[in-house]
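Peer 1: Have a look at this one before I ask anything.
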Amino acid sequence: MTMTDSERTVLGTRMVRKEDPALLTGEAKYTADMAVPGALHMAVLRSPYAHATIDSVDLSAALAHPGVRAAYSGADLEGDWAGPMPCAWPVTEDMKNPTHYPLAVSKVAYAGDGVAVVLADDETTAKDAIELIDVAYTPLDPVIDLEDALSDRVVIHDELGTNKSYTWDLKIEGEEGQVDAAFAAAAYTTKERFIQQRLIPTAMEPRAVLAMPQPFGGDMTLYSATQIPHVLKVMVALTLGIPEHQLRVVAPSVGGGFGSKLNVYAEELLCTALARKHGVPVRWTEERSEGSMSTIHGRGQIQDIELAADADGKLTAMRVRLIGDMGGYLQLVAPGVPLLGAFLYAGVYELPHAYDFSCTSVFTNMTPTDAYRGAGRPEATYAIERSMDALASQMGIDPLELRRRNFIPKDKFPYEAFTGLVYDSGDHDAAATLAAEMADYDGIRARQAEQNVEGATKRLGIGISTYFEMCGLAPSRVLASLNYGAGGWEAATVRVLPTSKVQVVTGSSPHGQGHETSWSMIVAEKLGVDPADVDVLHSDTAIAPYGMDTYGSRSLSVGGVALAQACDGVIDKAKQIAAHQLEASADDIEFSGGVFRVAGSPDKELPLAAIAFEAFTNHNLPDGMEPNLEAHTHYDPPNFSWPFGTHMCVVEVDTETGEVDVLQYVAVDDCGNQVNPLIVDGQVHGGVIQGLAQALYEGAHYDADGNLQTSTLAEYLVPAASDVPQVTTGHTVTPSPTNQLGVKGVGEAGTIGATPAVINAVVDALSGLGVHDVPMPASPLNVWNAINEARGGSQ
């Protein structure tokens, strides 16, 4: 049931978030806020070495410490696991995956790898006690560099015999040899190498876990600061051998995730196992520096990308070679992250069937990586957008003009790409035109000509980034073709209570996205009720037993559409009840504004509230109809959704200090129809700041021994509000034709568009000095070094 524009009254309004009062007043409860008398506190002893054998673990001093109730090494707990920690995305049949348990038994693979745990009466005692554990290590040579890892100079996991986890190829040619032929015939070619530095997600709320066993019967409730309560439930049941029906997982208020809480972590399994072993609640909350080593990192790639183009700059072929950094072990979906970008290296541009992609991922002695906001798609967008600027520079034309020559035309949508994927809708020229107007692109170019003269120490630059995103992480059959270990569906239930209030149960689990507000607006639009009368239940597997949770910009385009379909089910049932009571055919019943009417008989009507009460009493329903007014649905999308946009960034670079000052940032995004533009703008703002942070500030740095040098916020530079520019947002609206709401995802868009826009601006400012690239982050030192290198190393 598709709504027309004239029927929309709630959707598209800037409704203030329903979630915010509880968050702002402190009423919201996070996992660490839960008061549980008698709970034992867990602390984890972590390896100080990046690569070492464990020769012995002496727990005696910790066990003798007052207030300590138990202590265990990895060897002590080997019998508690029904299986190793899960990796749900075996991207190739021969992918190598080392056995990984919550505590290391004989060898550690990164600094921060857990080797022992203590349970104590309070958190302070537990932390004091782990300092008393004596572990004898034999240090081994660490592997920190990705190309060194690929050489197998030192093999990290002996049982694998290599550091290479997998190689995944995607070569698409219209005819054999077309890629090589296109490069041989090209008027222009570019070859670039880009480094995607590791990022530490740094969610506002650190991870926290509380496992509570029932006093009898074996039931267990696991509270966790997680994005994926439903997935976590399945994986904990499998890893610990707990019957799934005896396990309940709850994600209370969750303070951000960005992919870092899209995982199954050792601490979740340890708390659950130890709570079951001791029959008492066990809890753990990470510290910031601990999380920097034990929570997944994002990005971590070496990208080699080559473009071939004809004399007009039209792309004719592309080669991509990646080395992916998996870290010490494979986490939940880490192997698949590069694959999510593999289909997007051509960006928003037309490319013939001449594409050669290959990714080899390796193990290193660093913290494991996994999905981080955008997951593979920011990396792909960065590579193609930086390469397009390089091609424009080589051709001597404006980079915006080059992009316009290569955009997929609006009239070709839906567009079947060379990969076989179908892009649902798009108008890239419209987004670029609006962004150029908002940024005063021509005016900035004119100012550049005046400002960037010989001897100028403040140089002006403008950077462009145009992007496509495939989001929703569905349909399930496509995921199956990529060996993904789960489906891409989502579940929703809508029930109209006897008093006409509406209860929604969703399998999508929010951690800052505003589900309660947006879901209320969808229900209000569909059923003609007040959004304030809609209660949204989520994030508890006992209340919402079905769900695939929140990641990959899938909440609205999958979970929201599932909700709309459930509303349709309620309306269909209510029409039958209305027809029965008004003595009419169900085909003649019309519904709008919360009222059911007989077509052509305006005096014959029933409000939704009356039908809900009738369904509750069951006094006069059609024969064979069950009482109560509710509907449940599972929705599996027919396609990904494809948001897109153009971002522009204006910077001024001080050539004497290397400092980059962002003067202006414009983000034009198209996420189809917008349920709540206020939430859309908030998502774009947050995403842009994270993308800008990778470009200018953030980077996890290891020394040669594998020690993380940026484990606290004193060393790991996260931008403060005073560091970031005003983000000016604009939107084009190109509805998706594949779902009834016409919506697309937006949660990762800002991050995808921002990083290349910022770096392109920095390089643009310095191009007159001979600078062609600046490594990320473009810190004052890195910028100054790039300038100095372009000058031949002289001042």
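Peer 1: If you go through segment 737-776, how many residues are part of a helix (DSSP H, G or I), open to solvent by 20 Å² or more (accessible area, probe 1.4 Å) and among the polar types (S, T, N, Q)? Even if it seems obvious, please write down each step before you answer.
Peer 2: So the first thing to find is which residues in segment 737-776 are part of a helix (DSSP H, G or I), and the list is 749-769.
Imposing the further condition that a residue be open to solvent by 20 Å² or more (accessible area, probe 1.4 Å) reduces the set to 764, 767-769.
Adding the requirement that they be among the polar types (S, T, N, Q) leaves 767.
Qualifying residue count for the region: 1.
Peer 1: For PHE183, work out the one condition from (1) in a loop (DSSP other than H, G, I, E, B); (2) open to solvent by 10 Å² or more (accessible area, probe 1.4 Å) it doesn't fulfil.
Peer 2: Among (1) in a loop (DSSP other than H, G, I, E, B); (2) open to solvent by 10 Å² or more (accessible area, probe 1.4 Å), PHE183 violates only (1).
Peer 1: Could you grab me the full set of residues in segment 500-521 that are open to solvent by less than 10 Å² (accessible area, probe 1.4 Å), in contact with a Lys or Arg (Cβ under 7 Å, 6 or more places away or on another chain) and either assigned to a helix (DSSP H, G or I) or charged (D, E, K, R) (or both)?
Peer 2: THR517, SER520
Peer 1: Related question: Name the single residue, out of those in segment 524-572 being among the acidic types (Asp, Glu) and assigned to a helix (DSSP H, G or I), that is farthest from VAL675 (Cα to Cα). Full working, then the answer.
Peer 2: Going through segment 524-572, the residues among the acidic types (Asp, Glu) turn out to be 525, 530, 533, 535, 540, 549, 568, 572.
Still in the running and assigned to a helix (DSSP H, G or I): 525, 533, 568, 572.
On the way: GLU525: 10, ASP533: 18, ASP568: 17, ASP572: 23 Å.
That would be ASP572.
Peer 1: Also, quick follow-up: For segment 348-358, enumerate the residues that are part of a loop (DSSP other than H, G, I, E, B) and either open to solvent by 10 Å² or more (accessible area, probe 1.4 Å) or farther than 28 Å from THR550 by Cα (or both). Quick ask: steps written out before the conclusion?
Peer 2: Step one: filter segment 348-358 for residues part of a loop (DSSP other than H, G, I, E, B), giving 348, 350-353.
Result: GLU350, LEU351, PRO352, HIS353.
Peer 1: Filter segment 126-162 for residues that are touching a His at 6+ places or on another chain (Cβ under 8 Å) and open to solvent by less than 30 Å² (accessible area, probe 1.4 Å) and give the result. Steps first, please.
Peer 2: Filtering segment 126-162 down to residues touching a His at 6+ places or on another chain (Cβ under 8 Å) leaves 126, 128-129, 132, 139-143, 154, 156.
Hits for segment 126-162 are ALA126, ALA129, PRO142, VAL143, VAL154, ILE156.
Peer 1: Of all residues in segment 73-125, which are in contact with a Ser or Thr (Cβ under 6 Å, 6 or more places away or on another chain), of a type outside the set (A, V, I, L, M) and either surrounded by 24 or more Cβ atoms within 10 Å (Cβ to Cβ) or over 21 Å from LYS233 (Cα atoms) (or both)?
Peer 2: If the condition is that a residue be in contact with a Ser or Thr (Cβ under 6 Å, 6 or more places away or on another chain), of a type outside the set (A, V, I, L, M) and either surrounded by 24 or more Cβ atoms within 10 Å (Cβ to Cβ) or over 21 Å from LYS233 (Cα atoms) (or both), then LYS96, LYS107, TYR110, GLY112, ASP113 are the ones that fit.
Peer 1: Okay, next question. So if I check each of LEU527, LEU537, LEU563, LEU497, which one is touching a helix residue (DSSP H, G or I) at 6+ places or on another chain (Cβ under 8 Å), under 27 Å from GLU748 (Cα atoms) and either modelled with pLDDT of 95 or more or open to solvent by less than 10 Å² (accessible area, probe 1.4 Å) (or both)?
Peer 2: LEU563
Peer 1: Another one. For segment 323-339, give me each residue that is assigned to a helix (DSSP H, G or I) and surrounded by 24 or more Cβ atoms within 10 Å (Cβ to Cβ). Spell out the reasoning first.
Peer 2: Our first condition is that a residue be assigned to a helix (DSSP H, G or I); within segment 323-339, this holds for 334-339.
Scanning segment 323-339 gives ALA334, PRO335, GLY336, VAL337, PRO338.
Peer 1: Does ASN483 satisfy the criteria of being open to solvent by 10 Å² or more (accessible area, probe 1.4 Å), out of contact with any strand residue (DSSP E or B) (no Cβ under 9 Å at 6 or more places or on another chain) and touching a residue at least 60 places away in the same chain (Cβ under 8 Å)? Quick ask: steps written out before the conclusion?
Peer 2: Details: open to solvent by 10 Å² or more (accessible area, probe 1.4 Å): yes; out of contact with any strand residue (DSSP E or B) (no Cβ under 9 Å at 6 or more places or on another chain): yes; touching a residue at least 60 places away in the same chain (Cβ under 8 Å): yes.
Taking the combined requirement at face value, the residue satisfies it.
Peer 1: Determine whether GLU244 is closer than 30 Å to LEU24 by Cα, out of contact with any Leu (no Cβ under 7 Å at 6 or more places or on another chain) and among the acidic types (Asp, Glu).
Peer 2: No: the conditions fail for GLU244.
Peer 1: Please go through segment 359-371 and give me each residue that is among the hydroxyl-bearing types (Ser, Thr, Tyr) and either open to solvent by less than 10 Å² (accessible area, probe 1.4 Å) or modelled with pLDDT under 95 (or both), ordered by number.
Peer 2: Filtering segment 359-371 for residues among the hydroxyl-bearing types (Ser, Thr, Tyr) gives 360-361, 364, 367, 369.
Across segment 359-371, the qualifying residues are SER361, THR364, THR367, THR369.
Peer 1: Next question. Within segment 171-188, identify whether any single residue is touching a residue at least 60 places away in the same chain (Cβ under 8 Å) and within 30 Å of PRO98 (Cα to Cα), and answer yes or no.
Peer 2: Yes, segment 171-188 has at least one match.
Peer 1: Among the residues of segment 668-675, is there at least one that is open to solvent by 50 Å² or more (accessible area, probe 1.4 Å) and within 25 Å of ALA754 (Cα to Cα)? So that I can check it myself, show each step before the final result.
Peer 2: At the first step, the residues of segment 668-675 found to be open to solvent by 50 Å² or more (accessible area, probe 1.4 Å) are none.
No, that holds for no residue.
Peer 1: Report those strands (runs of 3 or more DSSP E) wholly inside segment 583-659 carrying at least 1 residues which are open to solvent by 70 Å² or more (accessible area, probe 1.4 Å) and on the phi < 0 side of the Ramachandran plot. Spell out how you get there, then give the answer.
Peer 2: Values: elements: 589-592, 595-598, 601-607, 629-635, 644-654.
Strands (runs of 3 or more DSSP E) meeting the threshold: 589-592, 595-598, 601-607, 629-635.
Peer 1: List pairs: first in segment 271-288 and of a type in the set (Asp, Glu) and surrounded by fewer than 18 Cβ atoms within 10 Å (Cβ to Cβ), second assigned to a strand (DSSP E or B) and at pLDDT 95 or above, Cβ under 7 Å, 6+ apart or cross-chain?
Peer 2: none
Peer 1: Something else about it: When you scan segment 676-729, how many residues do you find that are open to solvent by less than 10 Å² (accessible area, probe 1.4 Å) and of a type in the set (Gly, Ala, Ser)?
Peer 2: Qualifying residue count for the region: 5.
Peer 1: Continuing with this model, one more query. Kindly evaluate LEU344 against the criterion of being open to solvent by less than 10 Å² (accessible area, probe 1.4 Å), touching a Pro at 6+ places or on another chain (Cβ under 9 Å), not in a helix (DSSP H, G or I) and not acidic (Asp, Glu). Please lay out each step first, then the result.
Peer 2: Values: open to solvent by less than 10 Å² (accessible area, probe 1.4 Å): yes; touching a Pro at 6+ places or on another chain (Cβ under 9 Å): no; not in a helix (DSSP H, G or I): yes; not acidic (Asp, Glu): yes.
Judged against the criteria, LEU344 is not a match.
Peer 1: Scan segment 404-419 residue by residue and report those that are more than 28 Å from the chain's Cα centre (by Cα) and closer than 24 Å to SER481 by Cα.
Peer 2: If the condition is that a residue be more than 28 Å from the chain's Cα centre (by Cα) and closer than 24 Å to SER481 by Cα, then no residue fits.
Peer 1: For segment 14-46, name all the residues that are surrounded by fewer than 13 Cβ atoms within 10 Å (Cβ to Cβ) and hydroxyl-bearing (Ser, Thr, Tyr).
Peer 2: Within segment 14-46, just THR25 meets the criteria.
Peer 1: So MET548 clears everything in (1) out of contact with any Lys or Arg (no Cβ under 9 Å at 6 or more places or on another chain); (2) crowded, with 24+ Cβ neighbours inside 10 Å except one condition, right? Which one?
Peer 2: (1)
Peer 1: Of everything in segment 690-714, what is hydrophobic (A, V, I, L, M, F, W, C), touching a His at 6+ places or on another chain (Cβ under 9 Å) and outside any loop (DSSP other than H, G, I, E, B)? Give them in sequence order. It would help to see each step written out before you state the result.
Peer 2: Narrowing segment 690-714 to residues hydrophobic (A, V, I, L, M, F, W, C): 692-693, 695-696, 700, 704, 708, 713-714.
From what's left, touching a His at 6+ places or on another chain (Cβ under 9 Å): 700, 708.
If the condition is that a residue be hydrophobic (A, V, I, L, M, F, W, C), touching a His at 6+ places or on another chain (Cβ under 9 Å) and outside any loop (DSSP other than H, G, I, E, B), then LEU708 is the only one that fits.
Peer 1: Looking at the structure I just gave you, is THR734 surrounded by fewer than 23 Cβ atoms within 10 Å (Cβ to Cβ) and out of contact with any Cys (no Cβ under 7 Å at 6 or more places or on another chain)?
Peer 2: Details: surrounded by fewer than 23 Cβ atoms within 10 Å (Cβ to Cβ): no; out of contact with any Cys (no Cβ under 7 Å at 6 or more places or on another chain): yes.
For THR734, the condition - surrounded by fewer than 23 Cβ atoms within 10 Å (Cβ to Cβ) and out of contact with any Cys (no Cβ under 7 Å at 6 or more places or on another chain) - is not met.
Peer 1: Further question on the same structure: Kindly establish whether GLU385 is touching a helix residue (DSSP H, G or I) at 6+ places or on another chain (Cβ under 7 Å) and more than 25 Å from HIS685 (Cα to Cα). Spell out how you get there, then give the answer.
Peer 2: Numbers: touching a helix residue (DSSP H, G or I) at 6+ places or on another chain (Cβ under 7 Å): yes; more than 25 Å from HIS685 (Cα to Cα): no.
Answer is no for this residue.
The values are calculated or read from the model by the stated rules, or taken from the named source; none is laboratory data. Remember, predicted model here, so these are calculated numbers, not experimental data. Every residue, glycine among them, receives a Cβ derived from its backbone with ideal geometry; neighbour counts consider all protein chains shown. Ligands, DNA and RNA are excluded from the accessible area calculation, which covers all protein heavy atoms including side chains. Shrake-Rupley method; radii C 1.70, N 1.55, O 1.52, S 1.80 Å.
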